[in-house]
1. May I ask you to list pairs of residues, at least six apart or on different chains, whose Cβ atoms are under 6 Å apart, with the first in the stretch 100-127 being within 23 Å of Ala154 (Cα to Cα) and the second being in a helix (DSSP H, G or I) and among the hydroxyl-bearing types (Ser, Thr, Tyr)?
2. Show me the strands (runs of 3 or more DSSP E) entirely contained within the stretch 174-256 in which 2 or more residues are modelled with pLDDT under 95.
3. Among the residues of the stretch 162-180 satisfying the criterion of being basic (Lys, Arg) and farther than 23 Å from Ala13 by Cβ, which is farthest from the chain's Cα centre (by Cα)?
4. Of the residues Leu144, Leu159, which is buried (at least 22 other Cβ atoms within 10 Å of the Cβ), under 25 Å from Gly64 (Cβ atoms) and more than 17 Å from the chain's Cα centre (by Cα)?
5. Collect the residues in the stretch 80-93 that are out of contact with any Gly (no Cβ under 8 Å at 6 or more places or on another chain) and either touching a residue at least 60 places away in the same chain (Cβ under 8 Å) or open to solvent by less than 10 Å² (accessible area, probe 1.4 Å) (or both), keeping them in residue-number order.
6. Output the qualifying pairs, or none if there are none: Cβ atoms under 6 angstrom, residues six or more apart or on different chains, first residue in the stretch 151-165 and in a helix (DSSP H, G or I), second residue open to solvent by 50 Å² or more (accessible area, probe 1.4 Å).
Amino acid sequence: MDNLSALPLVSYAQNREDLYLWALVGHRTPGTYVDVGCNHERLHSVTRLFYEQGWSGISIDANGQFEREYRHRLRDRFVEAGVGEASGSLVFRHYPNRDGLSTFDSAIKTIYDGAGYVYRDVAVPIRTLDDILSEVGVRSIDFLKIDVEGLEPAVLRGLDLSKTRPAVILVEASREDDCHEILLPKRYRVEFFDGLNTYYVDSDLQDVSIHHYAQRILHGGFSTDVEQRLRGEIELLRSGVETRDGAGIADRGGLMRSMSRDVKRDLLCRCDGFVGRFARRRSGQVK
């Protein structure tokens, strides 16, 4: 019996990852997630939909600037750290104008060298996922999402799957072959590929299937964060039409400019995600 929330679904993720995950594990509400490489709390977040539906979890990122964005998530824990197969330190390359491309991976850094992106290198402590989960006290995970621009296999090697078995593991597929080699012998099956990410499901589970997408998403209905923001701005514009003074007209102009920036930012981040992945594929440096 599905235990789905009656609240409307709002998708924030770049490639609708949150909707695919909801189809897989939405019936486990309220559940637990772990997000490695969480990035912004709202923009293209994979977990915000779940938090709004009563879930909680751990958000992990090497960029500590995101911690402030997550402070209002009172049920969540933000951990500032790089995640790998062993404790230590690595040089993190942060692209301040393109957060989604920031990486530890030297091959990916080389690929982006020719693009002229502004960046800042900083040494960041590396912890294993086992260590972080032990510290926070989390052992039962409904989904684990890993998007760390090339370091995904290292993150998986730092998790003892004999002790902690997420129902679903979502991994950006830039190093898909390496992730297959780690997860398939551990009794995970490939359930779905969305064009950017691979969704692995614990083969011992019978209640987790992408075939619930039609029932839980298409029939239930959803909207996107961009649609919600634009609807709100359109309503403000409509109310401004009724204002005849100069201030009202100036306000409408400001709203139009703001709307344009939001849409451009969303499109830029989407392009970075797709272009970055296929650039790494074409280079031959990343499987």
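1. Short answer, once both residue conditions are applied: Ile111/Ser283.
2. So the answer is 222-224.
3. Lys163
4. Leu159
5. Within the stretch 80-93, Ala81, Gly82 meet the criteria.
6. If the second residue must be open to solvent by 50 Å² or more (accessible area, probe 1.4 Å), the pairs left are Ala154/Glu85; Arg157/Glu85.
Here's the yes/no breakdown for (1) open to solvent by less than 10 Å² (accessible area, probe 1.4 Å); (2) polar (S, T, N, Q); (3) more than 19 Å from the chain's Cα centre (by Cα); (4) closer than 23 Å to Leu49 by Cβ:
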site	(1), (2), (3), (4)
His211	no, no, yes, yes
Ile217	yes, no, no, yes
Asp225	no, no, no, yes
Arg229	no, no, yes, yes
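Conditions tested, residue by residue: (1) touching a Pro at 6+ places or on another chain (Cβ under 8 Å); (2) at pLDDT 90 or above.
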residue	(1), (2)
Val79	no, yes
Ser89	yes, yes
His94	no, no
Arg98	no, no
Ser102	no, no
Ala107	no, no
Arg120	yes, no
Pro125	no, yes
Thr128	no, yes
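The values are calculated or read from the model by the stated rules, or taken from the named source; none is laboratory data. Worth saying up front: this structure is predicted, and the values here are computed from it rather than measured. Positions of Cβ are generated from backbone atoms using ideal geometry, with glycine treated the same way; all protein chains shown enter the neighbour counts. Keep in mind that these areas ignore ligands, DNA and RNA; they rest on the heavy atoms of the full protein, side chains included. Shrake-Rupley method; radii C 1.70, N 1.55, O 1.52, S 1.80 Å.
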